[in-house]
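*Asks:* Let me begin by handing over the structure; questions about it come next.
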Amino acid sequence: MTLFEEIVRLHDAHLDAARPQAVEAQRLRGCLTARERIALLLDAGEPVIELAALARPADEAVDAPAEGVVVVTGTVGGRLCVVVAYDATALGAQQSPTSQSKCERALEFAEQFGAPLVLLAEGGGRRANNVPHYRERRELAATGARLAGKVPLVGVAFGPTYSSLALLLGVCHVLIATPQARLDLGEPPPEGDEGGGSAEALLELQRSGEVDLGAADDADAVALARRYLSYFGERVISFAQGDESGVRAALRSVVPENPRRAFDGRRLIELIADPGTSLRLRERFGGSVQTALARIGGRAVGILASHSMVMAGAIDSPASDKMARFESLCDAFGLPLVFLVDTPGLFAGPQAEATAMNRHSTRPYFVMSNARVPVYAVTVRRAYGQGQVVMTHGGGAKPLKLIWPFAEFGGMGLGGAADIITRSSSARRAGDERSRNEVLEAAQVHGSALSLARRGGDDLIDPGETRDRLIAALRQAPPYPLRQSPWPVDSW
Amino acid sequence: MSVEEVEARHEAVLDAARPDAVAKQRRRGMLTARERIALLLDDGETLLEYGGLARPAHPDLEAPADAVVVGTGRVHGRVSVVVSFDYTVLGASQGVNNHAKTTRAAVLARQLGAPLFMLTEGGGGRAQEVVADFFVGGVGLGDFHQIALLSGQVPLIGVALGRAFAGHAIFLGESDVIIATKSATIGVAGPPLVKASTGQEFTPEQIGGWEIHERAGGVDSIVDDDAAAIAAARRYAHFFVEPLVAFERGDEGAVREGLRRLVPECGGAYESRQLVELVADPGAPSFELRPTWAASVATVLARIGGRAVGLVASNPAVADGALDANAADKVSRFVYLCDAFGLPLVFLVDTPGFAGDGRQALVRHAARIPIALSTVRVPLVTVVVGRAHGLTQTLLGGGPWDPQYHALWPGASYRGLGLAEGDPRGTAFAIAEQFQSDDVIDPGMTRDLLLEVLGRAPLQGVREQHHFVDPW
């Protein structure tokens, strides 16, 4: 064997073709191999560069191909991307100083080139009989956190993940998981893996807000990662508006005639977005507000929509946290924000206060006060109380305020306000002797869509025109730089 | 218009001219808005008042100063802005001018670089005046926004002294610290609004009594009455107003002995409070934030050698010192707070690691700690007094953060992440021999070490490129 043949042999030994048992093991679990996941993620036919393929552990007796982690650079949607794929078939992808170096190298590379980082995770924990973790004086999550303000971080969990690797997933901006996924900050059990999760456990992870996107299987998870990245690549893609008469009609009829009936905020997002472009994040957590990445007129945006089918659209602590995080994500990467507002206000009462509502509800407010992306607020129906403030507050970037004809504004629900005003001692003191109905009518006139359009809203619009208005406004929006703030996107 | 009228107009809004209002507060065991200010300001300091003659925008309503006293005065010698709501008129409801006054207060705080004290008591928006106009941003309605912009630039001190609902509760939520009396009730919606939106009738206490907020982590410090709350606000502010005070060391033999005995005497399960008291300046005030919430870790403002510092101390007496999702949030918020105002962070570590699972979204919450620490510019000092197990080896002030000093007590142990139980590489001396810690110290010398290290760290002020103090 010549020297050159030896080089080829050394490289080929890492590939799936040379490791039929590993491939078979993944097949049995219904999973893809680390390299198959990479191949699915990256653009087909484009060059791929693998880094440190020949890295070996200090202990020659240990056989972990690629040291349990494959690091490559390639393109996703034509844009440079760094991929770190842990290979659980290689000694459980347990971490050694060498594999940690590989991962850190990938993170540095992503930072240097401003490239998104995709973490395809499975396994982890510290490899036994290695130099202990503390000796490294470094921590993947710490390096990742420093990156969290600079490049998009995408985490995908394909199976049980442990320790630093699980924590690094937590640092990522988006967490995608398959039913096999599990997140554990402890070490893998010495007697071997406890096995993966389940479809039910995945739902639980989504409800708790831990996971943004649940995937059916490995291929689905990789497709979601590609999809997510698409909003952080080309800011504007060409978009030709076709015949939208169907959308216009649907927008006009999305709000039920009965003002007390709930409607689906997710459907409203789909109607406002270019067809087929919206991707909902954390749908099952804080569900009274739905958040989605989408395109409008080809421009990548973030949409937040009240969803009255959950808690009548009232904003509770989870919804507040969800909004704050989504807003900082969009602000960090220059995605304009569109609010579709139909909220009765903040979640009220003892149950709400038991979740420190007073503190959580100010989080989206704080983020938006410092936000610099353009903001568009469409008041679809109810805009009451502090809910109105939280949903239509553009902060630094004053929002464009569009109002649908069904909109109603008030310091609180108008019926309640009328009750309070009629009963209040200050009203009596002020000599206000109007009946409840008279007070209510006055509030309805004062807080009507037309009245607000005349008093400072930007326009009262036909709901059917909403897309056209937003497309026009977004075309005029300045091309924001990728990075708006020097701060990392918080993980909660 | 005579000079007499100027005088008369001003006197009319003072307590002396309003015996009924004073009596009302007395009956409830509370102080008036102006008495609270007098207690808050330094002795002999007078308030420079803004808008004392303001009245409600609604022509048919009457309220001296539109139910809120706003002004500037010195607290610990530092010019501060004070907003003190007057519950005796119109329930201190927030009308147009009332909001305009708090907006003005926030703007003044920015111009003066002054701490902002919000002494809240009131029921939120005034139904007769503020109906729909937040949407269009009427005159002066920008107070929530202006205060949000101040976060991380000047200390925001929120005090709840009675009913604090709706807008008042939001002001508190925006503050760096929330101090509440046991007669305070805090809620984003008060009883009438809760009834209007849910049909259920609750008392203010049922909605947001202090016990509810203590369990929720919604309030940092709970005290008995108005005077204690004002005193607590002054005590808290002192750490931010005077980052360094004169300090003279006495004989600290007892402290050294106490530190040496701490772990052996309780078999490890000491209370963080005991350790904090021993390392902090003897007799100097300290301020613990949310002491009973997520109590497996304590976050305490204290002084070491006269220098204001933030201590993050494991509390093995609760849940063995394990960090859950709430504890991670508590630590990350404290890190933002201390970093914003230049307070060095001292970690006192003795924890078995993280505990919890996906139902609490533990990983996302735990990730807040490295994210918060990745932004820090203040010095960190770490002393591992007991266990640093699992990821806490590195996360709690470990190597990746380049602490200004890292020390171990002789009984310290590292475990997990490559170290099995009993692995000799996880003992204090082995770690020091590998130079993964700067020293192993006599526990009795912990305070001496902190004095030395902090004495070498340059003073830092408010962070120029500021990050808001995360409300959660």
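*Asks:* Kindly provide the set of residues from segment B:354-372 that are touching a strand residue (DSSP E or B) at 6+ places or on another chain (Cβ under 9 Å), open to solvent by less than 10 Å² (accessible area, probe 1.4 Å) and more than 7 Å from chain A (Cβ to nearest Cβ), ordered by number.
*Replies:* Selection gives B:Ile369 alone.
*Asks:* Moving on. For segment A:68-118, which residues satisfy the criterion of being part of a strand (DSSP E or B) and either among the small types (Gly, Ala, Ser) or surrounded by fewer than 19 Cβ atoms within 10 Å (Cβ to Cβ) (or both)?
*Replies:* Passing the criteria: A:Gly74, A:Thr75, A:Arg79, A:Leu80, A:Ala85.
*Asks:* What about A:Asp419, is it at negative phi, assigned to a loop (DSSP other than H, G, I, E, B), outside the structural domain of A:Ala319 (by TED's automatic domain parsing) and open to solvent by 20 Å² or more (accessible area, probe 1.4 Å)?
*Replies:* So A:Asp419 fails the test.
*Asks:* Show me the helices (runs of 4 or more DSSP H) found entirely inside segment A:297-363 where at least 2 residues are of a type in the set (Asp, Glu).
*Replies:* Because the criterion is at least 2 residues that are of a type in the set (Asp, Glu), the helices (runs of 4 or more DSSP H) in segment A:297-363 that meet it are A:317-332.
*Asks:* Before we move on, is B:Leu459 in contact (Cβ under 8 Å) with a residue 40 or more places away in the chain and open to solvent by 60 Å² or more (accessible area, probe 1.4 Å)?
*Replies:* The answer is yes for B:Leu459.
*Asks:* Still on this structure, please answer the following. Could you check segment B:322-380 for helices (runs of 4 or more DSSP H) lying wholly inside it with 3 or more residues that are within 20 Å of B:Gly399 (Cβ to Cβ) and at pLDDT 95 or above? Please lay out each step first, then the result.
*Replies:* Working: elements: B:325-340, B:362-366, B:368-373.
So the answer is B:325-340, B:368-373.
*Asks:* Which of the residues that make up segment B:413-431 are away from chain A (no Cβ under 11 Å) and crowded, with 24+ Cβ neighbours inside 10 Å?
*Replies:* none
*Asks:* Might you let me know whether segment A:385-392 holds any residue that is at the interface with chain B (Cβ under 9 Å from one of its Cβ atoms), in a helix (DSSP H, G or I) and either touching a Lys or Arg at 6+ places or on another chain (Cβ under 6 Å) or modelled with pLDDT of 95 or more (or both)?
*Replies:* No - not one qualifying residue is present in segment A:385-392.
*Asks:* Which of the residues that make up segment A:364-384 are assigned to a helix (DSSP H, G or I) and of a type in the set (Ser, Thr, Tyr)?
*Replies:* Correct list: A:Tyr365, A:Ser369.
*Asks:* Let me ask you something else. Filter segment B:435-448 down to residues that are open to solvent by 40 Å² or more (accessible area, probe 1.4 Å) and within 14 Å of another protein chain (Cβ to nearest Cβ) and give me whichever is nearest to B:Phe247 (Cα to Cα).
*Replies:* B:Asp438
*Asks:* Of everything in segment B:157-173, what is over 17 Å from B:Ala127 (Cβ atoms) and either open to solvent by 10 Å² or more (accessible area, probe 1.4 Å) or within 11 Å of another protein chain (Cβ to nearest Cβ) (or both)? Give them in sequence order.
*Replies:* Residues satisfying the conditions are B:Gly158, B:Ala160, B:Ala164, B:Phe171, B:Leu172, B:Gly173.
*Asks:* Turning to a different aspect of this structure: Can you tell me which of A:Phe285, A:Phe263 is surrounded by fewer than 20 Cβ atoms within 10 Å (Cβ to Cβ) and either touching a Pro at 6+ places or on another chain (Cβ under 9 Å) or closer than 11 Å to A:Leu340 by Cβ (or both)? Full working, then the answer.
*Replies:* Numbers: A:Phe285 fails: surrounded by fewer than 20 Cβ atoms within 10 Å (Cβ to Cβ).
It is A:Phe263.
*Asks:* What residue, among those in segment B:26-53 that are small (Gly, Ala, Ser) and open to solvent by less than 30 Å² (accessible area, probe 1.4 Å), is nearest to B:His99 (Cα to Cα)?
*Replies:* First pass over segment B:26-53, keeping only residues small (Gly, Ala, Ser): B:29, B:33, B:38, B:44, B:51-52.
Those still in the list that are open to solvent by less than 30 Å² (accessible area, probe 1.4 Å) too: B:33, B:52.
On the way: B:Ala33: 17, B:Gly52: 14 Å.
Ranking the qualifying residues of segment B:26-53, first place goes to B:Gly52.
*Asks:* Which condition number does B:Asp281 fail, the rest of (1) more than 17 Å from the chain's Cα centre (by Cα); (2) part of a helix (DSSP H, G or I); (3) acidic (Asp, Glu) being met?
*Replies:* Unmet for B:Asp281, out of (1) more than 17 Å from the chain's Cα centre (by Cα); (2) part of a helix (DSSP H, G or I); (3) acidic (Asp, Glu): (2).
*Asks:* Please specify each residue of segment B:395-412 satisfying the condition of being of a type in the set (Gly, Ala, Ser), more than 7 Å from every other protein chain (Cβ to nearest Cβ) and buried (at least 19 other Cβ atoms within 10 Å of the Cβ). Explain how you work it out, then say what you get.
*Replies:* Let us first name the residues in segment B:395-412 that are of a type in the set (Gly, Ala, Ser), namely B:397-399, B:407, B:411-412.
Keeping just the survivors that are more than 7 Å from every other protein chain (Cβ to nearest Cβ) gives B:397, B:407, B:411-412.
Once the filter is applied, which keeps residues that are of a type in the set (Gly, Ala, Ser), more than 7 Å from every other protein chain (Cβ to nearest Cβ) and buried (at least 19 other Cβ atoms within 10 Å of the Cβ), segment B:395-412 yields B:Gly397, B:Ala407, B:Ala412.
*Asks:* Looking at segment B:193-215, I want the residues that are facing chain A (nearest Cβ under 7 Å) and have a partner that is polar (S, T, N, Q) and open to solvent by less than 60 Å² (accessible area, probe 1.4 Å) with Cβ atoms under 6 Å, at least 6 apart or on another chain. Which pairs are those?
*Replies:* B:Gly208/B:Thr185
The values are calculated or read from the model by the stated rules, or taken from the named source; none is laboratory data. Keep in mind that this is a model prediction, so the values were computed, not measured. Quick reminder, even Gly has a Cβ in these numbers, built from the backbone with ideal geometry, and neighbours come from all protein chains shown. Calculation scope for accessible area: heavy atoms of the full protein, side chains included, ligands and nucleic acids excluded. Shrake-Rupley method; radii C 1.70, N 1.55, O 1.52, S 1.80 Å.
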